[in-house]
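Novice: Below is a structure I'd like to ask you about.
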Amino acid sequence: MEKENGGAGLREPAAGQGWRVAVGLGVPFCAIVLAIPFLGGTRMTVAAFPLPVFWMFCCFILASLCMAIVWTLSDRRRGDDG
Amino acid sequence: MASIVFLSIIMLSVAVALYSRRGHAHQDSRDFFVASGQFGGLLVFVLAVGETYSIGSILGFPAAAYGQGTSFVLWFLGYIVLAYPLGYFVNPLIWQAGRRCGALTIADLFRVHFASPALERIVVVNAILFLLPFGELQFAGLLNVLEEFHWNVPPLMLTGGAAIVTFAWLMLSGIRAPAYVSIIKDSLVVIAVILVGVAAVRTMGGLHAPPAGLPGHDRLGTQDQIYAMSTILLQAMGFCVAPQTVAFLFTARSGRTVRRNQIVMPLYMLMFPFLYLVAVYARVVGLPLPSANAVFMASAHALLPGWAVGIVAAACALSALVILAGTCLTLGPLVSHNLLHGLSDNQQRRGAQFVIALYLVFSIVAASHLSGLMVALTSMYYLGVSQMVPGMAAVIWRRTPAPAAIGAGLVVGGAVAVVLFLAGVRPGGLNAGLVGLLVNLATITVAQGLARMRTARA
């Protein structure tokens, strides 16, 4: 049965897989790829950067943060089992 | 002063390569190519990052941002940053498959997993074809940087000297040399990019909205958006299965090391805003440029004192040489280990060294006659490499479709992608490589179905 346990102790690999991929890959994917249609049409700027470019820079930190969350809540305790 | 600093850093790199040999003077082929899978977090990190931030990124990113603006910046940064979370999940599985198959190269994975030497050869040819222009590109970038010194030395001597330094590194300690040199190179690249970027901002008087007419003020049309999205998807996948990426993964001590590294990698990308600002600076002040590729070095020259220009140039040069060394170490065993079966361990290493020497000479000659074919092959790199995605997926998730189906998909998908690219066709705005990948998957499905039918009849 698939259930989230808040990452407190992902004992079942199958149950852990869903939220790990959603947070670690799904969130960066939405921020990087799916955001393009929303940002591509704008002419706004932030400091010296066009908004889409500035957003992409923010994604560097976001991607790192998403992986860090998955690592801290789950993968830190895993071995080399992928 | 710039020349002295530059040459001192290059000599330091040779000393570091010599140091990396300590305790590994007698290498077998596994140690030469993948350091016997002994590298810890730092060395795997600098190798992987070194591969990402080539001289092409440092010189090419500000040049393309200067010339093409937002449409380029979005897909270029997008695919690299997406490749890291994707690699977070996939790279440990590739590492694991490598251990399972006892693999030295990406082609080994295909040979062992599918029990098919024919598929191994298809993968080798695909990898070699698209890796071929990398050496030439590094030399071309290097010449671009060295022009800033106005030395009275023929270009052929400069590229020859660079090839000798690279070959010397590799002879000293194989993969260990570029890994150790990458520590200097990666630190220097950060220093160089921040130096030029901060100087550019100070000269512009702070971060103001760029003036109208600067690339990036243009809105992206629907076709541009579809192209950017499909290119990010394709290249992020291609990035994870590129032959060099796979070779570097095999140097790691554990899958955990590989995974943990991915978390930090996007933060190293924080130098791209500085590179972007250099392009903005060049536009704002109307910097005279011999070519767009000169944006970064010309800005460094205009903004920094001599010693700092030396550091910047050395960072760029080491970037070129580290990538060159990595490409050599990927190509060498693909020929001596995967194409020429039956060689002894020592013969494989010697054979690879011969291939590497040959490749360096080829790249020097190609760089002095920068051919249209090579430029086209470079643009097609991810089109070709990403066609290995379905096969790699089968390897890491332990599925065994018929090797003929994977081979047919690779060839047909690659051919479709290349033909579409050369014809300049983007169906529905999609990247030609992604269309090729879809055709690849369809071919595999059909071929697999036919194989099943044949088995059922028999």
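Novice: Name, by its number, the condition in (1) open to solvent by less than 40 Å² (accessible area, probe 1.4 Å); (2) within 21 Å of B:LEU132 (Cβ to Cβ) that does not hold for B:ALA317.
Specialist: Looking at each condition in turn, B:ALA317 falls short on (2).
Novice: Which of (1) open to solvent by less than 10 Å² (accessible area, probe 1.4 Å); (2) under 24 Å from B:THR251 (Cα atoms); (3) away from every other protein chain (no Cβ under 13 Å) does B:ILE58 not meet, given it meets every other one?
Specialist: (2)
Novice: Now for a different question. Are any residues in segment B:148-164 in contact (Cβ under 8 Å) with a residue 12 or more places away in the chain and open to solvent by 70 Å² or more (accessible area, probe 1.4 Å), and if so, which ones? Please lay out each step first, then the result.
Specialist: Applying the first criterion (in contact (Cβ under 8 Å) with a residue 12 or more places away in the chain) to segment B:148-164 yields B:148-149, B:151, B:155-156, B:158-160, B:162-163.
If the condition is that a residue be in contact (Cβ under 8 Å) with a residue 12 or more places away in the chain and open to solvent by 70 Å² or more (accessible area, probe 1.4 Å), then B:TRP151, B:PRO155, B:LEU156 are the ones that fit.
Novice: Could you tell me whether any residue of segment B:253-265 is over 23 Å from B:ASP186 (Cβ atoms) and surrounded by 24 or more Cβ atoms within 10 Å (Cβ to Cβ)?
Specialist: no
Novice: Which is away from every other protein chain (no Cβ under 12 Å), surrounded by 24 or more Cβ atoms within 10 Å (Cβ to Cβ) and out of contact with any Lys or Arg (no Cβ under 9 Å at 6 or more places or on another chain), of B:ALA279, B:ALA247? If you could, list the steps in order and put the result at the bottom.
Specialist: Values: B:ALA279 fails: away from every other protein chain (no Cβ under 12 Å).
Being away from every other protein chain (no Cβ under 12 Å), surrounded by 24 or more Cβ atoms within 10 Å (Cβ to Cβ) and out of contact with any Lys or Arg (no Cβ under 9 Å at 6 or more places or on another chain) holds for just one of B:ALA279, B:ALA247, which is B:ALA247.
Novice: Can you confirm whether B:ARG21 is open to solvent by 20 Å² or more (accessible area, probe 1.4 Å), of a type outside the set (A, V, I, L, M, F, W, C), touching a residue at least 40 places away in the same chain (Cβ under 8 Å) and within 14 Å of chain A (Cβ to nearest Cβ)? Step through it out loud before you land on a result.
Specialist: Working: open to solvent by 20 Å² or more (accessible area, probe 1.4 Å): yes; of a type outside the set (A, V, I, L, M, F, W, C): yes; touching a residue at least 40 places away in the same chain (Cβ under 8 Å): yes; within 14 Å of chain A (Cβ to nearest Cβ): no.
For B:ARG21, the condition - open to solvent by 20 Å² or more (accessible area, probe 1.4 Å), of a type outside the set (A, V, I, L, M, F, W, C), touching a residue at least 40 places away in the same chain (Cβ under 8 Å) and within 14 Å of chain A (Cβ to nearest Cβ) - is not met.
Novice: Here is a follow-up. Checking B:ASP224 against (1) at pLDDT below 85; (2) among the charged types (D, E, K, R); (3) under 30 Å from B:ALA432 (Cβ atoms), which test does it fail?
Specialist: Exception for B:ASP224: condition (1).
Novice: Can you name the number of the only condition in (1) modelled with pLDDT of 95 or more; (2) open to solvent by less than 20 Å² (accessible area, probe 1.4 Å) that B:THR443 fails?
Specialist: (2)
Novice: Follow-up question, since we're still on this one. Name the residue that is farthest from B:TYR276 (Cα to Cα), counting only residues in segment A:32-55 that are open to solvent by 10 Å² or more (accessible area, probe 1.4 Å) and in contact with a His (Cβ under 9 Å, 6 or more places away or on another chain).
Specialist: If we filter segment A:32-55 for residues that are open to solvent by 10 Å² or more (accessible area, probe 1.4 Å), which is where we start, we get A:34-35, A:37-39, A:41-47, A:49, A:51, A:54-55.
The next check asks that each one be in contact with a His (Cβ under 9 Å, 6 or more places away or on another chain); those that pass are A:43, A:45, A:47.
Numbers: A:ARG43: 17, A:THR45: 14, A:ALA47: 12 Å.
Step by step, filter segment A:32-55, then rank; the result is A:ARG43.
Novice: If you check B:VAL49 against the conditions, is it within 11 Å of chain A (Cβ to nearest Cβ), assigned to a helix (DSSP H, G or I) and of a type in the set (Val, Ile, Thr)? Break it down into steps so the answer makes sense when it comes.
Specialist: On the way: within 11 Å of chain A (Cβ to nearest Cβ): no; assigned to a helix (DSSP H, G or I): yes; of a type in the set (Val, Ile, Thr): yes.
Against the criterion (within 11 Å of chain A (Cβ to nearest Cβ), assigned to a helix (DSSP H, G or I) and of a type in the set (Val, Ile, Thr)), B:VAL49 does not qualify.
Novice: With respect to B:LEU119, determine if the residue is of a type in the set (A, V, I, L, M), at negative phi and either open to solvent by 20 Å² or more (accessible area, probe 1.4 Å) or not in a helix (DSSP H, G or I) (or both).
Specialist: Numbers: of a type in the set (A, V, I, L, M): yes; at negative phi: yes; either open to solvent by 20 Å² or more (accessible area, probe 1.4 Å) or not in a helix (DSSP H, G or I) (or both): no.
Answer is no for this residue.
The values are calculated or read from the model by the stated rules, or taken from the named source; none is laboratory data. No experiment lies behind these values; they were computed from the predicted model shown. Counting neighbours? That spans all protein chains shown, and the Cβs are built from the backbone with ideal geometry, glycine included. The protein model used for the area step is the full one, side chains on, heavy atoms only, and it has no ligands, DNA or RNA in it. Shrake-Rupley method; radii C 1.70, N 1.55, O 1.52, S 1.80 Å.
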